[in-house]
Amino acid sequence: MDRHPVVAGQFYPDDPRALHRQLNQYMPQGTAASTRPTILAMLPHAGYIYSGSVAGETVARTSLHETIILLGPNHTGQGAPIGLWPDGSWLFPGGSLAVDADLAETILQASPLIAADYASHTREHSLEVQIPFLHAKNPDTRIVPITIADPTFEILEKVGMALARAIRTAAKPVSLVVSSDMSHYVSANTAQKLDGMAIDQIQALDPEGLYATVRHNHISMCGVLPMTAGLIAARELGARKAYLTRYATSGDVNGEYDQIVGYAGIIVE
């Protein structure tokens, strides 16, 4: 089944030409990509006017494989706790990316915790907003979208390990892309402090440390669950380095620094 966009015209343009212009703005030609394969990239998922520059610069600097497992939060609360869209294509204004059904089935077989599920994705925006960026990077990209809402670390660990097993046995190389914003509706100074703590744990390749840091310090990082699972998988796959490509806040756009949302782009190699 194909997935049709639900936030086109809200988070990003619904006119293909306007969307193309905006992607070119946020992914400038000549941006140097890493010489090392990207195991995992973390991208923000707010409206493009706010987080598009961070997402675009990060995607442009990646060396993502042609097949990508997308991991994102479930803001809607609908569907399975860990839901995988198993088939079809994800459409956006002017294009689409096909789901890799074979890899999707491999992942489903790797863990009973992951369920084939459409409902968790139907109204969820966090993965949809990444599709145009990934298409702009490589129109031949194939995806396996997964939402993660289960908050139990042990479950996230099992899911991350299952993803690593599936990637190891896949017919082609696979990268992970995690969709997450950082702190929500705090001052810019508070966000920089709190988000810095979470980013430090990511750069240390410490998924348990990230999970604990976000929980203990009440950091409103909406994608901490998929990022925890993604980091577990990345570490199993031999990740050795994680670095911040860019950090920004909504205040950098609208000039309001009392209540901001933070955005970070991270690449793991």
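The values are calculated or read from the model by the stated rules, or taken from the named source; none is laboratory data. Since this is a predicted model, take the numbers as computed values, not measurements. No Cβ is skipped: glycine too gets one built from the backbone with ideal geometry, and neighbour counts run over all protein chains shown.
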**Complete:** Note on region 175-200: residues surrounded by 24 or more Cβ atoms within 10 Å (Cβ to Cβ), assigned to a loop (DSSP other than H, G, I, E, B) and of a type in the set (S, T, Y) are S180, S183
**Asked** Do you know which residues across region 7-52 are of a type in the set (V, I, T) and modelled with pLDDT under 95?
**Response** T31, T35
**Prompt:** Looking at (1) buried (at least 24 other Cβ atoms within 10 Å of the Cβ); (2) touching an Asp or Glu at 6+ places or on another chain (Cβ under 9 Å); (3) of a type outside the set (A, V, I, L, M, F, W, C), which is the one condition that is false for Y50?
**Reply:** (1)
**Request:** State yes or no: is D181 charged (D, E, K, R) and in contact with a Pro (Cβ under 8 Å, 6 or more places away or on another chain)?
**Result:** yes
**Odd one out for G30, checked against (1) within 20 Å of L127 (Cβ to Cβ); (2) in a loop (DSSP other than H, G, I, E, B)** = (1)
**Asked** Quick check: is even one residue across region 92-104 touching a Ser or Thr at 6+ places or on another chain (Cβ under 9 Å) and charged (D, E, K, R)?
**Response** yes
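For region 234-250, check the following and say yes or no: at least one residue is in contact with a Ser or Thr (Cβ under 6 Å, 6 or more places away or on another chain), modelled with pLDDT of 95 or more, surrounded by fewer than 24 Cβ atoms within 10 Å (Cβ to Cβ) and of a type outside the set (S, T, Y). I'd like the intermediate steps shown before the answer.
At the first step, the residues of region 234-250 found to be in contact with a Ser or Thr (Cβ under 6 Å, 6 or more places away or on another chain) are 245.
The next check asks that each one be modelled with pLDDT of 95 or more; those that pass are 245.
Now narrow it down to the ones that are surrounded by fewer than 24 Cβ atoms within 10 Å (Cβ to Cβ): 245.
When the remaining residues are screened for being of a type outside the set (S, T, Y), the result is none.
No: region 234-250 contains no residue that is in contact with a Ser or Thr (Cβ under 6 Å, 6 or more places away or on another chain), modelled with pLDDT of 95 or more, surrounded by fewer than 24 Cβ atoms within 10 Å (Cβ to Cβ) and of a type outside the set (S, T, Y).
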**Request:** Mind checking which helices (runs of 4 or more DSSP H) fall wholly inside region 201-269 and carry at least 1 residues that are within 14 Å of I39 (Cβ to Cβ), in contact with a helix residue (DSSP H, G or I) (Cβ under 7 Å, 6 or more places away or on another chain) and in contact (Cβ under 8 Å) with a residue 24 or more places away in the chain?
**Result:** 207-216, 224-236
**Request:** Quick one: F153 ticks every box in (1) under 20 Å from A46 (Cα atoms); (2) aromatic (F, W, Y); (3) surrounded by fewer than 22 Cβ atoms within 10 Å (Cβ to Cβ) except a single one, so which number is it?
**Result:** (1)
**Message:** List pairs: first residue in region 90-106 and assigned to a helix (DSSP H, G or I), second residue among the hydroxyl-bearing types (S, T, Y) anywhere in the structure, Cβ distance under 8 angstrom, at least six positions apart or on different chains.
**Reply:** L103/T67; T106/T169
**Complete:** Residue set A60, A55, A41; condition farther than 28 Å from Y118 by Cβ, aliphatic (A, V, I, L, M) and surrounded by 18 or more Cβ atoms within 10 Å (Cβ to Cβ); output residue A60
